Amino acid sequence: MHLDVLAEIATRFTALSLVAIGGINAILPEVHRVVVDVEGWMTSADFADLFAIAQLSPGPNAMIVALVGWKVAGVPGALVATLAAVGPSSVACYVAWHWADRLQQSRMRKVVQKALSPIAIGLILATGYTLAQGADRSPGAFALTMVATAMLAWTRVNPVWVLIVATLAGLAHLA
């Protein structure tokens, strides 16, 4: 294993972790840009597949980071990517929590919270757009995506049922 690849993974994910307002999914467009466009470590379709696996697996959303690291550099890559992505942001979160706790009634706290909400929403929408670029773009896949989106946005149906139906539709398409 080349140490330069591990160092690059560590550097990239450490920097990204500090701007992950809204969680790991908020930085996925930049992760995608780095691993697909800049470094060429995988294709856009590979990235979309790893995202799907991470979302279907139990556990935190940060699993995508481990899968990207694993795809690039095996088990050491998964460990380095995970530690780099969650370590710095965890420390920043700890500091911010203590700051917010001390400033319970502060006007500044309310301003910061209101300012961060649209930023997080924008970053997460950018993630959806980026992932859609590597996804199947057939009319059937597009229709399935629109139906699933509507179901999740305007009903209280459990997302597991949407995933099961989408999986069955995908399997029927492959058959």
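Subtracting the Cα-Cα distance of Thr145 and Ser57 from their residue separation scaled by 0.36 nm leaves 29.7 nm. Tell me whether the stretch 1-90 comes out rounded, prolate or oblate; compute the Cα gyration tensor, take square roots of the eigenvalues as a ≥ b ≥ c, and use a/c under 1.5 as the rounded threshold. Rounded shape, in that the Cα axes give a/c under 1.5. Residue-wise HN-Hα couplings along the stretch 77-86, as the Karplus relation 6.51 cos²θ - 1.76 cosθ + 1.60 with θ = phi - 60° gives them from phi, are x, 4, 5, 5, 4, 5, 5, 5, 7, 9 Hz; Gly and Pro carry x. With 0.36 nm allotted per residue and the present C-alpha distance subtracted, the His98-Thr167 stretch has 20.6 nm of extension available.
The heavy atoms of Phe51 offer some 40 square angstrom of accessible surface to a 1.4 angstrom probe.
Surface calculation, 1.4 Å probe, protein heavy atoms: Met146 sits at approximately 90 Å² accessible. Determine the shape class of the stretch 44-114: with a ≥ b ≥ c the square roots of the Cα gyration tensor eigenvalues, call it rounded for a/c under 1.5, and otherwise prolate if a/b is greater than b/c, oblate otherwise. It is prolate, given that a/c is not under 1.5 and a/b is the larger ratio. If I compute solvent accessible area with a 1.4 Å probe over the protein chains, what percent of it on the stretch 1-57 is carbon and sulfur? Its accessible area is 60 percent carbon and sulfur atoms.
Convex hull volume of the Cα atoms of the chain, normalised per residue: 141 Å³. The relative contact order of the stretch 24-175 comes to 24 percent, based on Cα pairs under 8 Å that sit 6 or more residues apart. Per residue, the chain reaches -25500 deg cm²/dmol at 222 nm when only DSSP H runs of four or more residues are counted, each adding -39500 (n - 2.57). The heavy atoms of Ile121 present about 100 square angstrom of accessible area, all protein chains included, probe 1.4 Å. Spatial offset of the stretch 60-126 relative to the stretch 1-52 amounts to 14 Å, using the alpha carbon center of each. Extension gain for Val112 to Trp154 (0.36 nm times residue separation, less C-alpha to C-alpha distance): 12.2 nm. By definition, a body whose alpha carbon gyration tensor gives a ≥ b ≥ c is oblate when a/c is 1.5 or more and a/b is not larger than b/c, and the stretch 64-152 fits this oblate description. Assuming charge only on the beta carbon of Lys and Arg (+1) and of Asp and Glu (-1), the dipole of the stretch 13-105 about its Cα centre is about 200 debye to the nearest 20.
The values are calculated or read from the model by the stated rules, or taken from the named source; none is laboratory data. In this text, all values refer to a predicted model and were calculated from it rather than measured experimentally. Using ideal geometry, Cβ is built from the backbone for each residue, glycine included, and neighbour counts are taken over all protein chains shown. In case anyone asks, the SASA skips ligands and DNA or RNA and just uses the protein heavy atoms, side chains included. Shrake-Rupley method; radii C 1.70, N 1.55, O 1.52, S 1.80 Å.
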